[in-house]
1. If a/c stays under 1.5 just call it rounded; otherwise compare a/b with b/c (prolate if a/b is bigger, oblate if not). Do that for the stretch 36-106, with a ≥ b ≥ c from the square roots of the Cα gyration tensor eigenvalues.
2. Per 0.36 nm of contour for each residue apart, how much would the distance between Glu194 and Arg16 grow if the chain were fully extended, relative to their Cα-Cα spacing?
3. Please state the equivalent ellipsoid semi-axes for the chain: what are the square roots of 5 times the Cα gyration tensor eigenvalues, largest first, in whole Å?
4. Can you work out the FRET efficiency for the pair Glu72 and Glu209, with r the C-beta to C-beta distance and R0 = 45 Å, to the nearest 0.05?
5. Per residue, how much accessible area does the stretch 123-237 show when a 1.4 Å probe rolls over the protein heavy atoms, in square angstrom?
6. Defining a contact as two alpha carbons under 8 Å apart and six or more residues distant in sequence, what relative contact order in percent does the stretch 16-163 show?
7. Any idea what the relative contact order of the stretch 262-334 is, in percent, if you count C-alpha pairs under 8 Å spaced at least 6 apart?
8. Go ahead and collect, in residue order, the members of the stretch 312-326 whose backbone nitrogen is under 14 Å from a label point 7 Å along the Cα-Cβ direction of Gln254.
Amino acid sequence: MHTAKISGAGHYVPERIVTNDYLATIMDTNDEWIKERTGISERRWVENGDGNTAATMGTKAAKKAIAQSGLETSDIGHIVFATISPDYYFPGCGVQVQESLDMGTIGATDIRNACSGFIYAMSIADAFVKSGTYQHVLVVASELQSPFLDKTTRGRNVSVIFGDGAGAVIVSKANKGEKGIMSCHTHAQGKHKEELTMKGFGTQHWIGELLENGIDPDIHYPQMNGNFVFKNAVVRFEQVIGEALKKNDMTSDQIDCLIPHQANLRIAQFIQKRMGLRDDQVFNNIQKYGNTTGASIAIAFSEAIETGVVKRGDIICMAAFGAGFTWGSVLMEY
Ligand code: COA
């Protein structure tokens, strides 16, 4: 059995900044409400015609991650791509990255675990490397959500929260003595599948229905029972971080940096308080990017490295919760 580690990270966000004040010009909302309930000041939304898609943003993040790892694309053995906003209904975005980066015929796995997507993707990459199947796996998480949001007052409880962007890491075989990824934990509870969902355009709500009846917001836009999601999120985050610490016989004071999925600043602050973590032990950037679903941890991790918050040797805990419900954590020495 081998050990896996992260050898490189990168991220990309679209240039267009969408402020809370701008949103207040297109729907009945205001900066104060959004900041107070979510912590978000601005987010990035793609601009029509700027060429950004989940696959192209993911490719840009992937290039940076590969460059940071010092590897060549030819060193990568497999791609795992997490998104719930793919370019095509099928095939998934993984093959698009493979084509764009000229990666021969390596395999590409696509997963769609929403806000937990990056954690699920990491757990798959970790297993591939641990088992000796591949030496280096490219993990990409990318979301292009802005076109699918209901940007009217009706959809304001959802649309003010979400943003676009991508992050990527390279999961590589660790050298002898390196701790690397110590554990990955993933969970799901399908009975809550409709508490946070976009039902269209699954096969139960196919295109004919749309052509016949027009847009039905309950089906064709994301729906979220915000309060219920919040209450479940805080419990599951704490549980799954606790699970990681217990598995590794560690305590929360040994975490140098907790990178929670950037769901809502209030959720992150709640967990921080419950776990007794100091401000410098938690990294948040939702203020600038909103909730970028599967991509948020990957973007935050890459930015934390870029800004010197996360350094080699640090103990990092990543944790996510989202639609499904699904949740999970990764504990590692970076
Ligand atoms: N601007 C202004 N007012 C808004 C608003 C907005 N963007 N969105 C909702 N409101 C209004 C509601 O209409 C409601 O008005 P009413 O009291 O007159 O009926 C009021 O604000 C309170 O709405 P409610 O939905 O109860 O607010 P909340 O305190 O639960 O906050 C969320 C809403 C979405 C911010 C909160 O539930 C939340 O953060 N949930 C977790 C969401 C999350 O993290 N999702 C990602 C999971 S991965």
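The values are calculated or read from the model by the stated rules, or taken from the named source; none is laboratory data. In this text the structure is predicted, and so the values were computed from the model without any measurement. Positions of Cβ are backbone-derived with ideal geometry, glycine not excepted, and every protein chain shown enters the neighbour counts. Ligands, DNA and RNA are stripped out before the accessible areas are found, and what is left, the full protein with its side chains, is counted by its heavy atoms. Shrake-Rupley method; radii C 1.70, N 1.55, O 1.52, S 1.80 Å.
1. It is prolate, given that a/c is not under 1.5 and a/b is the larger ratio.
2. 61.0 nm
3. 30, 24, 18
4. Efficiency, rounded to the nearest 0.05: 0.45.
5. Spelled out: the 1.4 Å probe surface of the stretch 123-237, per residue, equals 47 Å².
6. For the stretch 16-163, the relative contact order is 29 percent.
7. For the stretch 262-334, the relative contact order is 24 percent.
8. Zone members listed by number: 314-317.
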